[in-house]
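Inspection log for the structure reproduced underneath, given as structure tokens.
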Amino acid sequence: MQQLIRSFWVLLIGLFSLCLHAQIDFSSNFQSACPPFLVQFQNNSAVGGSSGTYYWDFGDGTYSTIENPIKIYPIPGKYDVKLVVNGINGQFSDSLTKVDYIEVFELPKADFKILTDLRGCHPLNAQIQDLSVPKSSPISTWLWDFGNGQSSQIQNPVATYTASTNTTISLYITDQSNCSADTAIPIEVFVTTI
């Protein structure tokens, strides 16, 4: 009879231990984007029959103890994310690390130069050369504002000026990762008429 009781207790303790074991998992609303990258983490852990405490390591030296934290990644790179779940009164402790789980893309660098003299006869056509540098992915769109009411989406456009002006040429670029950058150069245009 004692053997039967002992076997019953061993079985009961084993079942109780299974109920207290955590199955750790988590997800996020996004895993890659441009900086600053705001991520909503979701704890999907199954903690059998108990609640616990949570410890998140975001891979960049920052941490959280909130069950479903929000994190901003300001610096490009790949980050491991670790979630540790501890049961109440030390009933269990388990963790999950997802390697390179978050990727923050590097922003492209917008740049250009004007190839022609900005002093000339009417109409003055200024040839512009894009010098932008892609980083995480190729540049896919260019949007130019010539400061004279005209714009272009060509990579290396020509701006036409019909009157002398002090203005600014602006360039806005977007890459295939949907990261963007911009730059602007103030210019002085002198147009002569015959």
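Filtering 82, 78 for residues that are out of contact with any helix residue (DSSP H, G or I) (no Cβ under 9 Å at 6 or more places or on another chain), within 25 Å of residue 27 (Cβ to Cβ), surrounded by 16 or more Cβ atoms within 10 Å (Cβ to Cβ) and free of Cβ contacts under 8 Å to residues at least 40 places away in the same chain leaves a single hit, 82.
Scanning segment 28-49 for residues that are open to solvent by 40 Å² or more (accessible area, probe 1.4 Å) and not aromatic (Phe, Trp, Tyr) yields 29, 31, 32, 36, 38, 40, 42, 44, 46, 49.
Among the criteria (1) farther than 30 Å from residue 164 by Cβ; (2) hydrophobic (A, V, I, L, M, F, W, C); (3) modelled with pLDDT of 95 or more, the one residue 85 does not fulfil is (3). Looking across segment 33-75, the residues that are under 16 Å from residue 102 (Cβ atoms) and either in contact with a helix residue (DSSP H, G or I) (Cβ under 7 Å, 6 or more places away or on another chain) or in a loop (DSSP other than H, G, I, E, B) (or both) come down to 34, 35, 36, 58, 59, 60, 61, 62, 68, 69, 74, 75. Scan segment 107-155 for residues that are under 17 Å from residue 191 (Cα atoms) and either open to solvent by 50 Å² or more (accessible area, probe 1.4 Å) or among the polar types (S, T, N, Q) (or both) and report the count. Counting residues in segment 107-155 that are under 17 Å from residue 191 (Cα atoms) and either open to solvent by 50 Å² or more (accessible area, probe 1.4 Å) or among the polar types (S, T, N, Q) (or both) gives 12.
The values are calculated or read from the model by the stated rules, or taken from the named source; none is laboratory data. Note that the structure is a prediction, hence the values are computed from the model and not measured. All Cβ positions, glycine included, derive from the backbone under ideal geometry; neighbour counts span all protein chains shown. Surface areas here come from the heavy atoms of the whole protein model, side chains and all, with no ligands, DNA or RNA. Shrake-Rupley method; radii C 1.70, N 1.55, O 1.52, S 1.80 Å.
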